[in-house]
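The values are calculated or read from the model by the stated rules, or taken from the named source; none is laboratory data. Just so it is clear, the model here is predicted, and its values are computed rather than measured. We place every Cβ from the backbone using ideal geometry, glycine too, and count neighbours over all the protein chains shown. We work out accessible area using only protein heavy atoms, side chains counted, and drop any ligands, DNA or RNA first. Shrake-Rupley method; radii C 1.70, N 1.55, O 1.52, S 1.80 Å.
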Amino acid sequence: MGQVRQPHNLWNRRCQFCGVLLLTGELHGSFCYGEQGNYAHAVAELPPLPAETQWLGSQLNISFLSTKLNLLFSFAAMETTE
Ligand SMILES: [Zn+2]
């Protein structure tokens, strides 16, 4: 039985346009949304979040509460669509 060859992919370079880490074989700017990337203007900038959402995101325990909040928002969304 032959040996399985281990892949030698590395995240050892950064995109020259946006600075994201590139995997072996990925090209600079190929999927890039940075200023000079191929898709720089493909997506419109999102509007700022509502003040309530910004406040919620800035709370120190937001990560701890994320599962509860996710359930809360999911059940609230189901109530509004059915
Ligand atoms: Zn890039």
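Can you name the residue in the stretch 10-22 that is surrounded by 11 or more Cβ atoms within 10 Å (Cβ to Cβ) and of a type outside the set (A, V, I, L, M) and, of all such residues, is farthest from the ligand (Cβ to nearest atom)?
That would be W11.
Could we say that L46 is aliphatic (A, V, I, L, M) and open to solvent by 100 Å² or more (accessible area, probe 1.4 Å) here?
yes
If G25 meets every condition in (1) open to solvent by less than 100 Å² (accessible area, probe 1.4 Å); (2) on the phi < 0 side of the Ramachandran plot; (3) not aliphatic (A, V, I, L, M) apart from one, which number is that one?
Just one mismatch for G25, condition (2).
Okay, residues lined up against (1) on the phi > 0 side of the Ramachandran plot; (2) in a loop (DSSP other than H, G, I, E, B); (3) aromatic (F, W, Y); (4) open to solvent by 70 Å² or more (accessible area, probe 1.4 Å):
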| position | (1), (2), (3), (4) |
| --- | --- |
| H8 | no, yes, no, yes |
| G29 | yes, yes, no, no |
| E52 | no, no, no, yes |
| F64 | no, no, yes, yes |
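Looking at the stretch 12-30, which of its residues are within 22 Å of H41 (Cβ to Cβ) and small (G, A, S)?
G19, G29, S30
Hey, can you tell me all the residues within the stretch 21-57 that are small (G, A, S) and either modelled with pLDDT under 90 or closer than 30 Å to Q6 by Cβ (or both)?
G25, G29, S30, G34, G37, A40, A42, A44, G57, listed by residue number.
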